[in-house]
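Asks: My structure is below; once you've seen it, I'll send some questions.
The values are calculated or read from the model by the stated rules, or taken from the named source; none is laboratory data. This one's a predicted model, so the numbers in the text were calculated from it and none came from an experiment. We place every Cβ from the backbone using ideal geometry, glycine too, and count neighbours over all the protein chains shown. For the accessible areas, the whole protein counts, side chains as well, though only heavy atoms, and no ligand, DNA or RNA atoms are used. Shrake-Rupley method; radii C 1.70, N 1.55, O 1.52, S 1.80 Å.
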Amino acid sequence: MKLKINGKLQDKPAVWWDKATNAVQMIDQTKLPFSVEIYTCPTYRETAFAVKKMIIRGAPSIGAAAAYGLAQAVHEFWESDSFEDSIKVAYDELLSARPTAVDLKNGLDFIRSTDPFTPENVVAQASLFAKRTADQGLKIGQIGKELITNNMNILTHCHTGALALVDHGSALAPIIQAWQDGKRFHVFVDETRPRFQGRITAWELSQYGIDHTVICDSMSGFFMSRGEIDLVILGADRVTRNGDIANKIGTYNLAILAQYHNIPFYTAFPTSTFDPSTKSGKDIEIEKRNDSELKIVEGISNIQKKSDSISIFPDFVKFKNPAFDVTPNKLITGYITPYGILTNTQLVTFCQ
Ligand code: MRU
């Protein structure tokens, strides 16, 4: 995507390999929407840290970051006597950075399958993984844009644009491409507590001049009940064999509301998000993130240039913070994939 970095317009994916230094570089998503900055990870450890801290986020993008991270480990330990053991440690560290998105495992296993397993080849393999993900985003956009017609009101949740998918986006790709084709409509953007990914969605939509409004997550029922939402499109962090999806917390609420109001509910994702080895959503590990994400608002220095965080609750308050929920296949109208808009029973045939 086109980004203005240090005053210069540049074409950048969400994450890439820097040949000169063997570093993994990425757009620092914790600084958006107020500033566009590059974050550099000199070793696989910093890459794992960046995934854990959501400096890079979005299931397909963290899959690509993990793939590049393992390539870094191969470079670092190539001459070492304990090469295989060190690669295993790096694999486990990268994999455990975030547990719900299956893209991490798929990215790492794609690197593991490199033959011959050499430093040059693993970097090429990681770049291939990232490119394949980005290309699939483009295809998802071409396929999914047919669902969008003039004057629609579309609701989306979390962030599924170019930065979440290496490039082009998953659920945002159909929206962006339909707008570029000249269709005119409006997008409701859930703010997506507690990490406010809606801010990145609003920022990406504004890059294309797409008409949008940000709402609190709890407002969607209100707008649905008044007939003001025609279509829901969102992403997925893991799609199981039977078509259940884990996606950003709040997705399940939306799916139930959409069904109650007869609103079509679509999920869009690349093949790296499909997990045929997990039977159903019940078997997905849900990431539990730190309570501080509810209690403390971070990144204030980006706005005010003062202290960086502020607590909005007293210390005695207790929290729970599951990062994702599971939506059963029966609440999903269709799956927008690079192979077409599928039903849950078609996923295994096309996305494996
Ligand atoms: O926790 P995040 O921000 O990494 O969440 C992942 C997501 O962006 C969403 O759940 C999204 O819908 C799927 S990834 C394109």
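Asks: Using the structure shown, select from LYS248/LYS320; LYS105/LYS279; LYS288/LYS330; LYS53/LYS279; LYS12/LYS131 the pairs with a Cα to Cα distance greater than 18 angstrom. Walk me through the numbers before you get to the answer.
Replies: Values: LYS248/LYS320 15 Å; LYS105/LYS279 16 Å; LYS288/LYS330 25 Å; LYS53/LYS279 29 Å; LYS12/LYS131 12 Å.
Check vs 18 Å cut-off fails for LYS288/LYS330; LYS53/LYS279.
Asks: With a 1.4 Å probe and all protein chains kept in place, how much accessible area does LEU257 have, in Å² rounded to the nearest 10?
Replies: For LEU257, the solvent-accessible surface is approximately 50 Å².
Asks: On to the next question. Could you calculate the FRET efficiency of GLU298 with LYS330 from 1/(1 + (r/R0)^6), where r is the beta carbon distance between them and R0 is 25 Å, rounded to 0.05?
Replies: Values: r = 37 Å, r/R0 = 1.49.
The formula returns an efficiency of 0.10 here.
Asks: I'd like the accessible area for SER96, computed on protein heavy atoms only with a 1.4 Å probe and all protein chains in place. Round to 10 Å², please.
Replies: Taking all protein chains as shown, SER96 has close to 80 Å².
Asks: Follow-up question, since we're still on this one. Treating only the Cβ atoms of Lys and Arg (+1) and Asp and Glu (-1) as charged, compute the dipole magnitude of the stretch 2-137 about its Cα centre; round to the nearest 20 debye. Could the numbers behind the result be given before it?
Replies: Details: 16 positive and 17 negative charges, 171 e Å.
The calculation lands at about 820 debye.
Asks: Mean residue ellipticity at 222 nm from the helices of the chain, using -39,500 (n - 2.57) per DSSP H segment of n ≥ 4 over the full residue count, to the nearest 500 deg cm²/dmol? Show your work: numbers first, answer last.
Replies: On the way: 12 runs with 126 residues, N = 352.
After summing the helix terms and dividing by the residues of the chain, the value is -10500 deg cm²/dmol.
Asks: Taking +1 at the Cβ of each Lys and Arg and -1 at the Cβ of each Asp and Glu, which of SER292, VAL189, VAL122 sits farthest along the dipole of the chain towards its positive end, judged by Cα position relative to the Cα centre?
Replies: Checking the options against the dipole of the chain, the answer is VAL189.
Asks: When all protein chains stay in place, what accessible area (Å², nearest 10, 1.4 Å probe) is found for ASP308?
Replies: 80 Å²
Asks: Using the beta-carbon distance between ARG112 and ASN151 and R0 = 35 Å, what value does 1/(1 + (r/R0)^6) give for FRET efficiency, to the nearest 0.05?
Replies: On the way: r = 48 Å, r/R0 = 1.38.
Computed FRET efficiency for ARG112 and ASN151 comes out at 0.10.
Asks: Pulled fully out, how much extra length does the chain show between GLN352 and LEU138, if you take 0.36 nm times their separation in residues and subtract their Cα-Cα distance?
Replies: Details: separation 214, 0.36 × 214 = 77.04 nm, distance 1.90 nm.
Working it through step by step, the gained length comes to 75.1 nm.
Asks: Given a 1.4 angstrom probe, what's the average accessible area per residue across the stretch 143-351, in square angstrom?
Replies: Normalised by residue count, the accessible surface of the stretch 143-351 is 44 Å².
Asks: Largest first, what is the accessible-area ranking of ASP325, ASP135 with a 1.4 Å probe? Don't jump to the answer; show the numbers that get you there.
Replies: On the way: ASP325 20, ASP135 75 Å².
Result of the area sort, largest leading: ASP135, ASP325.
Asks: Accessible area, 1.4 Å probe, largest first: how do MET219, MET152, MET54 sort?
Replies: Working: MET219 75, MET152 30, MET54 5 Å².
Per-residue accessible area, sorted high to low, gives MET219, MET152, MET54.
Asks: Quantify, in whole percent, the carbon and sulfur part of the accessible surface of the chain (1.4 Å probe; protein heavy atoms only). Spell out each step's value before the answer.
Replies: Values: 7980 of 15370 Å².
In the chain, the share of accessible area belonging to carbon and sulfur is 52 percent.
Asks: Setting aside same-chain residues fewer than 8 positions from LYS4, which aspartates and glutamates have a Cα under 17 Å from its Cα?
Replies: LYS4 reaches ASP28, GLU37, ASP167, GLU204.
Asks: Same structure, new question: Tell me the angle of helix 59-77 to the major Cα principal axis of the chain, expressed in degrees between 0 and 90 and rounded to the nearest ten.
Replies: Between helix and principal axis, roughly 10 degrees.
Asks: Kindly list the residues of the stretch 171-205 that lie in the label zone of PHE313, defined by a backbone N under 20 Å from the point 7 Å along the Cα-to-C-beta vector.
Replies: 191-198
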